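> One structure follows; several queries about it will come next.
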Amino acid sequence: MAADDFELILLGTGAAFPPSDRENTSLALAWPGGIWLIDCGASPHRRLRAAGLDPEELRGVLITHGHPDHLYGLPSLIHCLLPARRTDPLPVLAPSEAIEQARRILDAFQLLERDEIRVELVELAHSEGTVTPALELDGLSLGTAPVAHGPMTVGIHAEARGRAIAYSSDTMPCEGVAALADGAHMLVHEATFRERDRDRMPAGHSTARDAGQAAAAAGAETLILVHFLEETLADPEGLRREAEEVFNGRVEIGHDLGCYRV
């Protein structure tokens, strides 16, 4: 990685019931200071390696909410990091509900009191409609804001090297997404449903058109769509067009292990 790189790697792009060729949505942020993991789906250690990333360079994990597809890989990640016997603690940041779930699941596997690794569970502070700073780490800044999903859920605003990325996590359109996307060069936004499914889709999710409207309002350069169901991807170009109807920037249909320079 060049000294001025800030990259987004999509470790997975599927929803809770992912397409057969995709893992659950999870992101890695790579910058000269290391790697930060956003959400923790299936086999995160293996996914990092498949993306060409060194798991020993992992600086921490942020869990956006406590639904299984965003959290259940955490014990596997910690277990796979044991042989490295890292000297620095591994912070795990999450909203209060997800922190308690993480505590229970790690305790069930006796992974909170190991000599080989020290896991630090950190509850995220939040304020509705605004981005709250969560972390400053060797040139990477992370902030979070609550979004509208169901369980307590946060989206992410990350900055490094003068560039910014926002991630909606699972949400319907809301003030939190607008706050996170403000000033972001790249917006990663869920598009779980097609516009034709709006009348029957559950609350707490978005369409590609919703994502396009968020990107347009923020003035983003690039929109990356993620969190797909099998049927959502039956017509990927149709999905792209839904976003492009309201957003004039670059629209990408996210794919597993896709890498984007922010």
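> How many residues does region 16-45 hold that are within 14 Å of the chain's Cα centre (by Cα) and either within 21 Å of residue 230 (Cα to Cα) or of a type in the set (D, E, K, R) (or both)?
Count: 10.
> Any chance you could count how many residues in region 75-117 are basic (Lys, Arg) and either at pLDDT below 95 or under 30 Å from residue 178 (Cα atoms) (or both)?
Residues flagged as basic (Lys, Arg) and either at pLDDT below 95 or under 30 Å from residue 178 (Cα atoms) (or both) within region 75-117 amount to 3.
> Additional query: Name every residue in region 1-46 that is of a type in the set (D, E, K, R) and either in contact (Cβ under 8 Å) with a residue 60 or more places away in the chain or in a strand (DSSP E or B) (or both), in order of residue number.
4, 5, 7, 21, 22, 23, 39
> Also: State whether the residues of region 146-161 include one that is basic (Lys, Arg), more than 15 Å from the chain's Cα centre (by Cα) and within 19 Å of residue 38 (Cβ to Cβ).
Yes, that holds for at least one residue.
> Also, quick follow-up: Residue pairs, Cβ under 6 Å, 6 or more apart or interchain, first in region 193-217 and of a type in the set (Val, Ile, Thr), second crowded, with 22+ Cβ neighbours inside 10 Å and not in a helix (DSSP H, G or I). List them.
Listed by first residue and then by second, the contacts come to 207/193.
> Give the residues of region 121-145 that are touching a residue at least 40 places away in the same chain (Cβ under 8 Å) and touching an Asp or Glu at 6+ places or on another chain (Cβ under 6 Å), sorted by residue number.
129
> From the residues in region 1-43 that are among the charged types (D, E, K, R) and more than 15 Å from residue 55 (Cα to Cα), which one is surrounded by the most Cβ atoms within 10 Å (Cβ to Cβ)?
If we take residues in region 1-43 being among the charged types (D, E, K, R) and more than 15 Å from residue 55 (Cα to Cα), then 23 is surrounded by the most Cβ atoms within 10 Å (Cβ to Cβ).
> For residue 110, work out the one condition from (1) polar (S, T, N, Q); (2) farther than 30 Å from residue 163 by Cβ; (3) surrounded by 15 or more Cβ atoms within 10 Å (Cβ to Cβ) it doesn't fulfil.
Only one criterion in (1) polar (S, T, N, Q); (2) farther than 30 Å from residue 163 by Cβ; (3) surrounded by 15 or more Cβ atoms within 10 Å (Cβ to Cβ) is unmet by residue 110, namely (3).
> Those residues that are part of a strand (DSSP E or B) and either crowded, with 23+ Cβ neighbours inside 10 Å or without any contact (Cβ under 8 Å) to a residue 60 or more places away in the chain (or both), I need them from region 47-59; list them, please.
Residue satisfying the conditions is 58 alone.
> Under the condition of being over 26 Å from residue 234 (Cβ atoms) and more than 13 Å from the chain's Cα centre (by Cα), which residue from region 162-176 is surrounded by the fewest Cβ atoms within 10 Å (Cβ to Cβ)?
162
The values are calculated or read from the model by the stated rules, or taken from the named source; none is laboratory data. Since this is a predicted model, take the numbers as computed values, not measurements. Backbone-built Cβ (ideal geometry, glycine too); neighbour counts: all protein chains shown.
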